[in-house]
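Below is one structure, written out as C-alpha cells; comments come after it.
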Amino acid sequence: MNRATLAAVVVAGALAGVATAFFLTRTDPAMPALERATLFEASRPLPAIALQDQSGQSFDLGRMRGHWTLLFFGFTNCPDVCPTTLATLAEARRQLADLPPNEIPEVVLASVDPARDTPAVLAHYVAHFDPSFTGITGSPEAIGAFARDLGVAVMIGEPAADGSYTVDHSAAIFLIDPAAAFTALFSTPHDAAVVARDYRRIVSARAQ
C-alpha cells in the first residue's frame with residue numbers, strides 16, 4: 001500500500017470513528033464532569049495489532065493490558081504538534097506521580113510515518129521527553145489499520161525535491177483502559193493540568 005492509498009484509507013475511517021464517538025458519548029449525569037475529555041458509554045476493545053516498539057520488540061494488545069495508556073499518533077519529523085503534545089503528556093504524567101503505580105498511565109507514541117520512524121529513531125525521540133515513554137511502529141498496512149480503527153485522520157504529503165515530506169494527522173489523545181479498550185478521548189487544545197485532572201476523574205469513576 002503506497003502513502004497516498006494509506007492516507008485515503010485512514011481519512012475515510014476517520015469519519016466512521018467520529019460518528020462512533022458521537023453516539024457513544026456518555027450523558028449520564030452521575031458521571032464526573034470533565035473539562036476536556038470525552039468519556040464513552042462503554043469502552044471499545046481494540047482489535048489485534050502486530051507492531052514493534054523502540055527496542056524492536058513485539059508490541060501487541062498484551063502490552064497495553066493491566067494498566068492505563070495515553071496513546072498519541074504522531075511522527076518524529078513533526079515540527080510542532082507532536083513535540084508539544086509529548087511534552088504536555090510528560091508533564092501530565094509527572095502531575096500524576098502520586099497515584100498508585102497501577103494507575104499511573106503509560107504513554108505510547110504510535111508513528112504515522114513508518115517509512116522514517118524506525119525503532120532506533122523512535123528510541124532516541126521518545127527518550128527526549130520521558131525515558132518511560134514507548135514508541136511503536138510497523139508496516140504501513142499495520143499502522144494504517146490501527147489508526148483507521150481509532151478514526152485517526154492521516155494525510156501524507158507529496159515529497160519535496162530533497163525527499164522530505166510532511167504528515168498531517170489528528171492530534172487527539174486516546175485513553176486506553178487496563179483491558180486494552182478505548183475508553184475516552186482528549187481533544188485539543190491540550191493542557192497538562194487539564195489532562196491530569198480529567199484523567200484522575202475518569203480513573204476514579206471507573207474504580208467505583
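Can A92 be described as open to solvent by less than 40 Å² (accessible area, probe 1.4 Å), at pLDDT below 95 and either more than 18 Å from the chain's Cα centre (by Cα) or hydrophobic (A, V, I, L, M, F, W, C) (or both)?
No: the conditions fail for A92.
Out of the residues in region 115-145 that are among the aliphatic types (A, V, I, L, M) and closer than 10 Å to D53 by Cβ, which is nearest to the chain's Cα centre (by Cα)?
Once the filter is applied, the top-ranked residue is I136.
Which one of these does D117 not meet: (1) open to solvent by less than 30 Å² (accessible area, probe 1.4 Å); (2) part of a strand (DSSP E or B)?
Only one criterion in (1) open to solvent by less than 30 Å² (accessible area, probe 1.4 Å); (2) part of a strand (DSSP E or B) is unmet by D117, namely (2).
Filter region 82-108 for residues that are among the aliphatic types (A, V, I, L, M), touching a residue at least 40 places away in the same chain (Cβ under 8 Å) and part of a loop (DSSP other than H, G, I, E, B) and give the result.
Listed by number, the residues that qualify are L96, L99.
Would you please name the residue that is most open to solvent (accessible area, probe 1.4 Å), looking only at residues in region 127-147 that are farther than 16 Å from T84 by Cα and assigned to a helix (DSSP H, G or I)?
Here the residue is E141.
Taking region 157-182 as the region of interest, how many residues are touching a Leu at 6+ places or on another chain (Cβ under 7 Å) and either surrounded by 22 or more Cβ atoms within 10 Å (Cβ to Cβ) or under 15 Å from V81 (Cα atoms) (or both)?
Within region 157-182, residues that are touching a Leu at 6+ places or on another chain (Cβ under 7 Å) and either surrounded by 22 or more Cβ atoms within 10 Å (Cβ to Cβ) or under 15 Å from V81 (Cα atoms) (or both) number 5.
Restricting the search to region 129-166, which residues are at pLDDT below 95 and in contact with a Lys or Arg (Cβ under 7 Å, 6 or more places away or on another chain)?
Within region 129-166, I156 is the sole residue that qualifies.
The values are calculated or read from the model by the stated rules, or taken from the named source; none is laboratory data. Keep in mind that this is a model prediction, so the values were computed, not measured. Heads up, the Cβs are rebuilt from the backbone with ideal geometry, glycines too, and the neighbour counts pull from every protein chain shown. Note: accessible area is taken over every heavy atom of the protein model, side chains too, but ligands, DNA and RNA are not part of it. Shrake-Rupley method; radii C 1.70, N 1.55, O 1.52, S 1.80 Å.
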